[in-house]
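Computed from the coordinates by the stated procedures, all read-outs in this text should not be read as laboratory data. Treat the numbers as computed from the prediction; the structure is a model and nothing was measured. Every residue, glycine as well, gets a Cβ built from its backbone with ideal geometry; the counts of neighbours run over all protein chains shown.
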């Protein structure tokens with residue numbers, strides 16, 4: 001499963017959690033340009049990973065977000081059409097879930113990354129589906 | 001490489017500004033009877049429409065103003081791709097609220113005109129004003145309700161058209177205007193149906209959102225989406 005390189009992942013995670021590029025640069029003692037370059041590369045790698053995953057399983061892309069690291073797709077499970085929600089989890093890689101089988105740790109992750117404001121499954125699906 | 005069957009929309013950025021300005025000119029021309037304003041307004045409306053989308057060196061080039069105004073979106077500036085008609089609650093106005101303001105502006109203008117018109121004008125005056133009311137309120141409603149709820153939107157358009165016919169009757173008291181309202185209703189129904197059955201690709205960047213639309217066959221839309229995905233992906 002795809003993983004971003006460690007330093008790139010650290011920068012991407014800080015940005016996804018809401019830090020500004022200049023704050024990340026100061027925090028890590030690197031230039032703002034280096035942060036920007038790293039973020040662009042991370043985003044491209046995440047897009048690539050999500051699109052490859054969708055292609056492998058013949059899912060149809062509905063939404064792909066490289067900034068917060070999530071994807072919504074239409075897939076088939078047991079012959080039935082279903083939604084697929086995939087998230088890039090730092091240190092773990094991509095995790096995908098069918099329908100509304102979204103576990104608690106994904107809600108916490110979405111909360112930390114600012115995708116939702118409270119750890120509620122319905123709120124997460126609303127945020128992803130609108 | 002040109003993306004077949006896909007056009008950039010005037011829902012954001014400079015094209016939106018041009019569209020709003022042209023609307024002001026057209027409404028101003030109706031008010032002041034200046035033909036040059038009317039003509040310039042319509043030329044600008046056409047200029048605000050996107051004509052084509054192409055891909056050059058990992059950059060999406062959206063062409064507006066008869067191909068004279070290019071807007072370039074670098075692949076690495078795009079944070080998100082969203083196929084709005086595929087999400088469960090895809091609402092155009094949520095992503096592009098300013099276009100709603102343009103329609104509200106037209107609706108408020110036409111409503112003020114309708115209520116301030118005297119009773120003895122030629123029926124065409126009332127019909128034109130009610131045309132703007134019926135069209136702008138139907139389109140506004142269509143963009144405020146999730147894509148895919150076509151039946152509800154068409155029913156609402158029929159109700160708005162009936163209300164429009166009643167408002168026309170209140171001013172003219174003439175039954176011969178009913179066929180004109182029927183034609184207006186048909187045009188509005190077709191517009192609402194068309195809005196709800198297009199494919200919408202939203203591209204989100206730090207600078208704002210851009211909308212690409214298509215009413216091309218599914219295979220062409222899929223090909224265009226794949227080409228955009230390649231722009232976004234790592235080499």
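Just want the ordering: B:136, A:52, A:31, from fewest to most Cβ atoms lying within 10 Å of their own Cβ. Working shown, then result.
Values: B:136 22, A:52 14, A:31 10.
Going from least to most buried by this count: A:31, A:52, B:136.
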Neighbour counts of other C-beta atoms within 10 Å: give me A:7, B:48 arranged from fewest to most. A:7, B:48
If R0 = 35 Å, then residue A:127 and residue B:178, at their Cβ-Cβ distance, give a FRET efficiency to the nearest 0.05 of 0.15
Return the single residue from A:28, A:111, A:46 with maximal mean-square fluctuation; model: Gaussian network over chain A, springs between Cα atoms under 10 Å. A:28
With no solvent term and unit scatterers on the alpha-carbon positions of the range B:1-136, Debye gives log₁₀ I(q)/I(0) at q = 0.09, 0.16, 0.17 Å⁻¹ of -0.37, -0.94, -1.02
May I ask for the distance between the Cα centers of the range B:154-223 and the range B:88-150, given as a whole number of Å? 10 Å
Need one value for A:68-74: mean number of C-beta atoms belonging to other chains within 10 Å of its residues' C-beta atoms. 2
Computed over the Cα atoms of the range B:81-200, what is the ratio Rg over Rh, Rh following Kirkwood? 1.03
Using only Cα atoms and rounding to the nearest 10 degrees, what angle (0 to 90) does helix A:32-56 make with the longest principal axis of chain A? 20 degrees
Of the listed peptides B:24-32, B:86-94, what is their order by residue-averaged count of other C-beta atoms within 10 Å, with the highest listed first? B:86-94, B:24-32
How are the alpha carbon pair distances in chain A distributed across 5 Å bins from zero to the largest one, expressed in percent? 2, 11, 21, 21, 19, 14, 7, 4, 1, 1, 0
Equivalent-ellipsoid semi-axes of the protein assembly as shown, from the Cα gyration tensor, Å, largest first: 44, 23, 18
Estimated D of chain B in µm² per second, where Rh is the Kirkwood radius over Cα pairs and Stokes-Einstein applies at 10 °C, 1.306 mPa s: 83 µm²/s
